[in-house]
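Trainee: Below is a structure I'd like to ask you about.
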Amino acid sequence: MKQRMNITKMIVSTKIQNNYHLINKIEEDEFFLKRNKIKILEDDDLSTTDKIWLPTLREVKDTEKNERLKAATDFAVINNLDQIYNSNFGGMNFFKEIENLNPDLGVNYSTNTYVEPMIGTNTVDYWTRDSEDCDSVDIISGNVYEKAFKGWVIENSFGIVPALAIDAQTLISEIIKSNDDFIFHKKANQSEKHFLKIGEYPQTRVNNELNELLETLYNDGNLKEDLVCTGRLFTTNGEFKKERDFLSKQNPEFIYNGKRYVRAITHYYKSLEEEGLNINNAANDEVCWFEVEPLSFEIKNYGKLPPQINPNGKTENSDKEVVLEAERAVLSGLPFYKSITALNCNLWQNSLIRCFLNSAKRDTLDGNEKYNIQESWDFSNSGFLYQAFDLSRDATKEYIVPFNEKGLAENAFAGCVGIEKIIVHSEIASVGKNAFSGCKFNYAYKLKGDENLVFSRELPKEETSIVYDLKNISKALSGFDYSFIVKLANKNLQLMNSFSSMFNSFDKLQKSFLHLVDVLNYQNISLPFIFVEKLMSFGLLEHFEKNCDVRFLKSEDDIDLTKRKNYNNLSAKTKLNYYKFMYVLGCFSREKLLDKNGVETQILIAQKATSVLSQILKSKAITISEFDSIFDKLSFDTKPNQDFLKFISIQGKNKKLVNFELLLKLNKAYPGLFIEVMTNFDKAKSFRKTLDENGLPKTLQWDETFKRFFFQKRFNYVSQGNQDIAEIFANNGLDYKHFNETVFLRNKAKLNKVKEHILKKPLKEKVMLENIENIKEQTRNIISESKGLIDDLYAKYFTYEMLSKFDPCNSIIGLYTSCCATIKNTLYGADIAAATVIAKDVQNIVVRNGKGDIIAKGAMYVNIRKGYAVINDFELNQNYRKNEIERSGKYYTETESQKKSEYEREQIFETFMRGINAFVEEWDKSHPKNPIKQVNVGNGYNRLKLQCERFEKAKSSQLLKVPLSYCFEDAEFEQFILYKRKEKESSYEDNHKANKNFEID
Amino acid sequence: MKITTKQIKILKLTKELETMVQEYQSLCDEVEELNRHNTDVDYETYSNIENRLIENQEKIKNIVKLLKTLKDE
């Protein structure tokens, strides 16, 4: 590795100097000018030693509005740059150019691709270093206005645009020495701008193809031939929460094909989950590779420079410095200051950004003493100035975590394969996930008398107080994370709390942990670290490592997941749940099986359980990924049950595991049933013996047994009278609270003598399938072939029904019709759902498909005294809602394919109209003196808007009223008249005349 | 084709099929009744029932054919 480093360094220095002009030494003060006398406050001048700074508000205001715009580099974007997202433009592929965006919409995007700021699209907000008032700091936002953010100093989501000044004469000598064009020019609008490239930084994300290639060559830290690690790092802020101090995150540099790239892990400021949009972008924790490129700076005072720089310039009175401002925001993720409560937190002299940009130790930066805030930041080896401009800097082989940093950020050293030693001090209180991902250390140790924890490839010569063999641990525990060692070695309080009080001391925890590693390595078995972590968190580690028997994992090829080729592709949850199932099943248990008489045999439960598991996997009754969903809630507290093990090992015809498959089938219908039976098998079994109606003993089938047990367990008290509710609710994965509430609603309705139907009798359109089934049965040979045919035609046949108020589906109808009408909802839908049960004058009219499923509904209020009805709106299962793009329910049928796909919506509406007419007819028969005069429907979130809007709209002064307590909010402001008694025939008939002359050929 | 027309067609065809099946069942009952009194039943009566069964079967086949056409639309 050392040899490689030397070669690498050579390549770096040669290549770079050939490509563009760079400044190699930042110590040359005559080149980088220090800014003097910056006015921060009205009556106080400030002397400063800054070499790099941010633009002031005044400087920005002096430019044209559209020239204030800045795009950002991709590297800046992934480091926490704010994305303000406009939902009118749909989902955005983050790494795609956005064209023709109207900035007047007030939309500000950050973008990874370079965009000419002058065009005025795709801009980012960026910091200035001051404000017009004394209390805040300003940002530039968009091209039309500035904002003053009082107290927003803690924001870490704005861009950073570095500015500096260089000595004009030194620049002139560089120009003379060089053969190439040093300054380049761009025209935009009516003006011309002038740019210079100095320094370098990771900027543009490579394309997807190269990204994938580089990541393949990176190979999880085991670099393949063509990729070389330079050992150089680019530091960013790994702390994404606000009001927290800086935490270093190192982004390592590599060489491929003569070019240099930086590997970084993404983190976005906002979770882009608005309006249910489907967002296709790089998610958090995605690896992105960025090219290291020269930094482009605009020469702000080009017009005042001498002719050696500006051919049209004058020598007399020309500027002695060249004022530069970065063309784009090159960084983000840094707050102006870490705390909002500190006095003078808005002053540039105290800013974290200032310290970082200048690669300084805080106490070396000057300022007005009166306003100083003492901080311990030290960016001398990691800040922007150092990393962007010192190209001769060495590879970082040894890294010492700064003492002022009290945590390790997520991905702090991810990919830093060039670092040979990391020294972590004992004050580290938190370790972010994947902090050491890709790092290859062999040991972690503490020297005697030293509390620092050292990660290293080699053991030291000095005496140590503790050594952790990381290779051994990683071998025994797949996916092992070094962060655990940090917590263990530092006796981290958080670790203690999460790993329960079963361990009285860290020493005990450590001992158990290391003993388990030895056991596993001795047996040449590996367990997922995530599983062992869980055992620790439940206080089971000690018992496990003392009593586990892992031998039998070797006896069956397929059950050891860590040996599978696709193991790394499995999610952490799948691995955990699979091993959890193994644990509860008994695959590690040293206990002995009992025979029929309860006498111990010589066979261990572990042996039997691993054999059964192997049979389960071979039978393909369940896939590995299904362990995730079925056993996610399985508790570690459960002890292996021998009877359950024997029960699921029973084989039927063709060696099928009939009982195991039965449980899987029941679990599909009643999610959670498998776990309940597995963890309470003795109780579940007891439901098998029961009494029939005559009080005589009877034995239930296993499926009925488990169902009854499950309902009882889930809903506490299930009787004959509410068995139907239990069945349906278990099917929908609902819990006892919903069950109890629905039972209460139905009992309340019965107590108040609310009739089951407003019409006082059922009204349900006859399902003809039954007749057809009769015909098929009867007509045997000929019509048996037509069975499938009829089913297909019938699936599109919808029927209406006035749903019985005592039907359990009323209180959860929203689950069927994809709306808020469920009693567990926090919106008005819950009130409507309750009213359809307990209110004597509200009932649901529903539409079922050919399979009998409810797919649409309208809650109908009937004003008996005045003789009218109001339907709140029509709700529709989302499988029947195509071409919708707005939440209001509007959908489009412009193209032929859109019309075709909305065919079913028309049919469903026709069905509702049949139902309404049938209701009116039946009502009028039984209430001749008080017939229904009008039926309106609300148009709020109506899913059959297009159909309803064909009818007459009720005038706003004549809207039909509904009692407020029913919360018919969709019918509050707009209603359409579906039926009016004045016309003999209903509007339905007028609009849709049937073909009465149809004849069969 | 209009929405309601198709629905009405489906309804009519399935009702026709139902009628045909009932007719078929009646015919089967008739045959059973005839079989019970077979010594007294002449050929013509059996033939008549057979023709009616065939005719019934043809009608059922026709209906199934029409249902297939509707399905393919």
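Trainee: Of the cross-linked pairs A:320/A:397; A:197/A:242; A:546/A:665; A:851/B:12, which ones have a Cα-Cα span greater than 30 Å in the structure shown?
Mentor: Too far apart for the 30 Å limit: A:320/A:397; A:197/A:242; A:546/A:665.
Trainee: In square angstrom, what is the accessible area per residue of the stretch A:397-528 with a 1.4 angstrom probe?
Mentor: 44
Trainee: In nm, what is the difference between 0.36 nm times the number of residues separating residue A:927 and residue A:491 and their Cα-Cα distance?
Mentor: 148.9 nm
Trainee: OK, next. Residues with amide H under 5 Å of residue A:412's amide H, sequence separation 5 or more or different chain, H placed in the peptide plane at 1.01 Å from N; which?
Mentor: It is A:435, by chain and number.
Trainee: If you take the accessible area of B alone, add that of A alone, and subtract the area of the pair, what total do you get in Å², probe 1.4 Å, to the nearest 100?
Mentor: Roughly 2800 Å².
Trainee: Under the 0.36 nm per residue contour assumption, what length would be gained going from the current alpha-carbon distance of residue A:851 and residue A:949 to full extension?
Mentor: Contour length minus the Cα-Cα distance gives 32.3 nm.
Trainee: Can you order the peptides B:13-22, A:567-576 by their average number of other Cβ atoms within 10 Å per residue, highest first?
Mentor: Put in order of decreasing packing, that is B:13-22, A:567-576.
Trainee: Against the globular-protein guess of 2.2 N^0.38 Å, express the Cα radius of gyration of the stretch A:568-616 as a ratio, rounded to two decimals.
Mentor: Relative to the 2.2 N^0.38 Å estimate, the stretch A:568-616 comes out at 1.39.
Trainee: Then there is this: Would you pull out the residues with amide H under 5 Å of residue A:301's amide H, same chain only if 5 or more places away, H placed 1.01 Å from N?
Mentor: Counting only residues 5 or more places away or on other chains, the set is A:323.
Trainee: Could you go through the stretch A:605-620 in sequence order and give the Karplus-derived ³J(HN,Hα) for each residue, using 6.51 cos²θ - 1.76 cosθ + 1.60 with θ = phi - 60°, rounded to whole Hz, and x for Gly and Pro?
Mentor: Once θ is set to phi - 60°, the couplings for the stretch A:605-620 become 4, 4, 5, 5, 5, 5, 5, 5, 4, 4, 5, 4, 5, 5, 6, 6 Hz.
Trainee: Give me a comma-separated list of calculated 3J(HN,Hα) values for the stretch A:210-223, in order, Karplus coefficients 6.51, -1.76, 1.60 applied at θ = phi - 60°, integers in Hz, x for any Gly or Pro.
Mentor: Taking θ as phi minus 60°, the curve returns 5, 4, 5, 5, 4, 5, 5, 5, 5, 6, 6, x, 9, 4 Hz for the stretch A:210-223.
Trainee: Pairs A:580/A:668; A:707/A:857; A:554/A:575; A:573/A:633: which exceed 22 Å Cα-Cα?
Mentor: Going by Cα-Cα distance, A:707/A:857 fall outside the 22 Å limit.
Trainee: Ignore the peptide's own chain and count Cβ atoms of other chains within 10 Å of each Cβ in B:22-32; give me the average, rounded.
Mentor: Counting Cβ atoms of other protein chains within 10 Å of each residue's Cβ and averaging gives 2.
Trainee: Using the Karplus curve 6.51 cos²θ - 1.76 cosθ + 1.60 with θ = phi - 60°, work out ³J(HN,Hα) for each residue of the stretch A:401-407 in order, rounded to whole Hz, and write x for Gly and Pro.
Mentor: Going residue by residue, I get 5, x, 5, 6, 8, 9, x Hz, with x marking Gly and Pro.
Trainee: Now, a different point. Quick one: which of A:683/A:824; A:534/A:713; A:805/A:929; A:761/A:805 span more than 23 angstrom between C-alpha atoms?
Mentor: Going by Cα-Cα distance, A:683/A:824; A:534/A:713; A:805/A:929 fall outside the 23 Å limit.
Trainee: A further question follows. How would the stretch A:397-528 be classified by its alpha-carbon gyration tensor: rounded, prolate or oblate, with rounded meaning a/c under 1.5 and the a/b versus b/c comparison settling the rest?
Mentor: Rounded, because the longest to shortest axis ratio a/c is under 1.5.
Trainee: Still on this structure: For the stretch A:683-753, which whole-number percentage of the solvent-accessible area (1.4 Å probe, protein heavy atoms only) is attributable to carbon and sulfur atoms?
Mentor: That fraction is 48 percent.
Trainee: P(r) tail for the stretch A:549-679, what percent of Cα pairs lie past 24 Å?
Mentor: 25
Trainee: Given H placed on each backbone N at 1.01 Å, which residues far from residue A:396 in sequence or on other chains put an amide H within less than 5 Å of it?
Mentor: So residue A:396 has HN proximity to A:232, A:233.
The values are calculated or read from the model by the stated rules, or taken from the named source; none is laboratory data. Nothing here was measured: the structure is a model prediction, and the numbers come from that model. Cβ sites come from the backbone with ideal geometry, for glycine too, and all protein chains shown count toward neighbours. We work out accessible area using only protein heavy atoms, side chains counted, and drop any ligands, DNA or RNA first. Shrake-Rupley method; radii C 1.70, N 1.55, O 1.52, S 1.80 Å.
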